[in-house]
Amino acid sequence: MTGAARERGIGRGIVECLAEEGCDVAINDVGAEEEGQALAEQVRALGRTATFVAADVSDRAAVDAMITQVEEELGPLDVVCSNAGVAAWQNVVDVTDDSFDHLVGVNLTGAFNVCQAGARAMVGRERPGRIVVTSSVHVQMPFPAMSVYGATKAGLKGMVETMAIELAEHGITVNHIGPGWVRSFINDASPSLQTEEEVRTTLTLIPAGRPADPREMGRAVVYLASSDGDYVTGEFLRVDGGFVVGKY
Ligand SMILES: NC(=O)c1ccc[n+]([C@@H]2O[C@H](COP(=O)([O-])OP(=O)(O)OC[C@H]3O[C@@H](n4cnc5c(N)ncnc54)[C@H](O)[C@@H]3O)[C@@H](O)[C@H]2O)c1
C-alpha cells in the first residue's frame, strides 16, 4: 500500500479498511515515517501484522527491494495498492521541468514500478492476485492548471487496462478507483480551496454535497480486492459523490 502514511490521506483509509477485513498490511511512504509507524501500530491493535517501509516509488530499485522485504516479512502478496501521488497547480505555460518530472515520476513511473514489481511477484502463483491503483476523476474530467497531473492519471487508465488484459490468465485483476475530492494533504495547496467561500463553491459542484472520507475509498478497494470483485478487471470505479456526472 503506497503513499499511505499521512493522517488525512486516502492511503490510510484504504489500510484501515483492508486491515479490518483481515489483511496484514505493509504501509509505504516516502516521508511521514512517524505517522506511518503509528498507523502500523493501529493495524497491529486489530490483531493483524503490519510493517512500515519507507521508499520512493519513483526509484525502481527501491520499489523492487520493498516488494522483496514485504514478502519476507508478511508472506506472499495478495493485494497491491498503488496510491502514492503528488499534485501541482500550474498553467501549462508555467509548468517547470522539475514539476513535470516530479509529477510524472511519482504518479506514472512510480505507479508503473509498483504495479510491475507487484505483478512479477504474483505471476505464477496459485493464489488470486489483486492490483488496485488510485487514479482520479481526472481520468474523465479535465481541471485547469492540472495538465500534467491529469495526464499522469489518464496514463494510469491505459496502464491498468493493458495490465488487466495481460494478467487475467494469471488470475490477477487490475482496476483503478477515481476519488473526486478528499480533504487530504494533497489538496491543502489547491488554489480553489483556500477560503471558506472557495470550499463552498467547490461543494456546489458535488451532488453529494460533501467531500469524501478516505475510508470511502477504502471500502471501494475492499470490494475490488475481495471475492466480490472476482469478475471485475480493467475497470474504473469512481467514488466521487457524483462529481463527474454532476458536471456533464
Ligand atoms: N485527495 C483527493 O481529492 C484526490 C482525488 C483524486 C485522486 N487522488 C489521488 O489519491 C492518491 C492519494 O492522495 P491523497 O489525497 O491521500 O493525498 P496525500 O498527500 O495525503 O497522500 C499522498 C501520499 O503519497 C506520498 N508520496 C508522495 N510521493 C511519494 C513517493 N515518491 N513515494 C512514496 N510515497 C509518496 C505522500 O507522502 C502522501 O502520504 C494520490 O494518487 C492522489 O493523486 C486524490
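The values are calculated or read from the model by the stated rules, or taken from the named source; none is laboratory data. Just so it is clear, the model here is predicted, and its values are computed rather than measured. Here Cβ is always computed from backbone atoms with ideal geometry, including for glycine, and neighbour counts include all displayed protein chains.
Just a few scattered comments:
- For the stretch 81-90, the tally of residues that are more than 14 Å from the chain's Cα centre (by Cα) and not in a loop (DSSP other than H, G, I, E, B) stands at 1.
- Taking the stretch 5-77 as the region of interest, the helices (runs of 4 or more DSSP H) fully inside it that hold 2 or more residues being under 22 Å from GLN116 (Cα atoms) and among the β-branched types (Val, Ile, Thr) are 10-20, 60-74.
- Within the stretch 9-33, the set of residues being surrounded by fewer than 24 Cβ atoms within 10 Å (Cβ to Cβ), within 8 Å of the ligand (Cβ to nearest atom) and at pLDDT 95 or above comprises just one member, VAL30.
- Verdict on VAL63 being farther than 24 Å from PRO179 by Cα and modelled with pLDDT of 95 or more: yes
- Scanning the stretch 99-138 for residues that are out of contact with any strand residue (DSSP E or B) (no Cβ under 8 Å at 6 or more places or on another chain) and under 19 Å from ARG238 (Cβ atoms) yields a single hit, ASN107.
The rows are residues; the columns are (1) more than 10 Å from the ligand (Cβ to nearest atom); (2) in contact (Cβ under 8 Å) with a residue 12 or more places away in the chain; (3) surrounded by fewer than 16 Cβ atoms within 10 Å (Cβ to Cβ); (4) under 17 Å from the mean Cα position of the chain (by Cα).
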| site | (1), (2), (3), (4) |
| --- | --- |
| VAL79 | yes, yes, no, yes |
| THR96 | yes, no, yes, no |
| HIS102 | no, yes, yes, yes |
| VAL106 | no, yes, no, yes |
| GLY110 | no, yes, no, yes |
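- Considering the stretch 122-143, the residues that are away from the ligand (no atom under 16 Å from the Cβ) and part of a loop (DSSP other than H, G, I, E, B) include one that is nearest to THR109 (Cα to Cα), namely VAL123.
- THR152 being of a type in the set (Ser, Thr, Tyr) and over 16 Å from ALA88 (Cβ atoms): no
- Matching residues in the stretch 34-45 - criterion: being surrounded by 19 or more Cβ atoms within 10 Å (Cβ to Cβ) and farther than 15 Å from ASN83 by Cβ: ALA40, VAL43
- Taking the stretch 63-73 as the range and being within 16 Å of the ligand (Cβ to nearest atom) and surrounded by fewer than 19 Cβ atoms within 10 Å (Cβ to Cβ) as the test, the residues that pass are ASP64, ALA65, GLN69.
- Within the stretch 194-228, tally of residues that are of a type outside the set (Phe, Trp, Tyr) and either free of Cβ contacts under 8 Å to residues at least 24 places away in the same chain or more than 19 Å from GLY11 (Cβ to Cβ) (or both): 19
- Flag if GLY3 is within 8 Å of the ligand (Cβ to nearest atom), in contact with a helix residue (DSSP H, G or I) (Cβ under 7 Å, 6 or more places away or on another chain) and on the phi > 0 side of the Ramachandran plot: yes
- When GLY180, GLY229 are screened for being within 15 Å of the ligand (Cβ to nearest atom) and of a type outside the set (A, V, I, L, M), only GLY180 passes.
- Residue-level analysis places GLY150 among those that are at pLDDT 95 or above, touching a helix residue (DSSP H, G or I) at 6+ places or on another chain (Cβ under 9 Å), within 12 Å of the ligand (Cβ to nearest atom) and more than 24 Å from ILE27 (Cα to Cα).
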